[in-house]
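For reference, the structure discussed in these notes is given below.
The values are calculated or read from the model by the stated rules, or taken from the named source; none is laboratory data. For clarity, every value in this text was computed on a predicted model and none was experimentally measured. Here the Cβ positions follow ideal geometry from the backbone for every residue, glycine too, while neighbour counts run over all protein chains shown.
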Amino acid sequence: MRTQGFIAGLAVALLIAPMGLLGQRAGAKLTAEQILDRASQTEAPSAVRARIKTRHLKGQISVPAQGIRGDFELYWKSPNRLLVVQAIQGVGEVRQGFDGKSGWEKSPLTGLRRLQGAELEQLKYTSDNTATARWRQFVRSPKLQGMQKVGSFQTYVIRATTTYGTTITFYIDTKQFLTRRVDMEVVMQGGKLPTVQLFEDYRKVDGVYYPFRTRQQAAGVETLVTVQQVRHNVLLRDTLFQMPKE
């Protein structure tokens, strides 16, 4: 599992902008870096992130065109432990985890395998709940490409590369500075898969914005991910994230 007009938008965004940007001239053009920083602070402010030590998300996954449904749970523990469990109809249970050092995956199709290289780096990046929270750690050379509508939202379009060698494009709402879409290459066994992720139904939980509905389009198939519950600071033991023995 995984899981953007300008003057009017700036006036709204200044209310929630980090203090370092409040002195910026109202009519000044924003750079790609400034837009990503503001989105990061809007979606998950640094002070709020510091208070959240664990996360537990649960919800449903479906592929409507194929009649496939399933459930998922996501567990995260500061600073970077992650476990995603998916129980997919007709496939079985798929687990993907990172214990702070090692990444792994276990599924009925591939068995148990250790993740390495780009797959491991991708898992580290996508372990956070927002697309922009740690962008400076994983994204290089962002360039503002212009603006584009995503649904009813006017967005800034920012293209960049990741530290693990893939391309990524952010579409960030010009008014609220929430990420509305991300185009990225997903690293998989055997190659890279271009995907489009559309983030919808944002809700604020304990000061963090979560998209409660994500539509992912890849290889002509749309997958719908719906979050049903978000809990913070629940007890999660380190053993939960460790790679199984078999």
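Annotations
- Only one of the numbered conditions (1) more than 17 Å from the chain's Cα centre (by Cα); (2) surrounded by 15 or more Cβ atoms within 10 Å (Cβ to Cβ); (3) closer than 25 Å to L224 by Cβ is violated by S152, and that is (2).
- Taken over region 197-240, residues that are closer than 16 Å to Q86 by Cα and either over 17 Å from the mean Cα position of the chain (by Cα) or outside any strand (DSSP E or B) (or both) amount to 1.
- Conditions (1) assigned to a strand (DSSP E or B); (2) in contact with a Ser or Thr (Cβ under 9 Å, 6 or more places away or on another chain); (3) surrounded by fewer than 18 Cβ atoms within 10 Å (Cβ to Cβ); (4) not hydroxyl-bearing (S, T, Y); number of the one not met by L193: (2)
- Wholly enclosed strands (runs of 3 or more DSSP E) of region 21-120 bearing at least 1 residues hydroxyl-bearing (S, T, Y) and touching a helix residue (DSSP H, G or I) at 6+ places or on another chain (Cβ under 7 Å): 68-77
- Of all the listed residues (R140, R136), the sole one being more than 30 Å from P244 (Cα to Cα), under 20 Å from the mean Cα position of the chain (by Cα) and in a helix (DSSP H, G or I) is R136.
- Selection from region 200-246 of residues that are surrounded by fewer than 12 Cβ atoms within 10 Å (Cβ to Cβ) and among the small types (G, A, S): A219, G220
- One residue stands out in region 170-190 among those that are surrounded by fewer than 20 Cβ atoms within 10 Å (Cβ to Cβ) and modelled with pLDDT of 95 or more: the one that is nearest to the chain's Cα centre (by Cα), namely D183.
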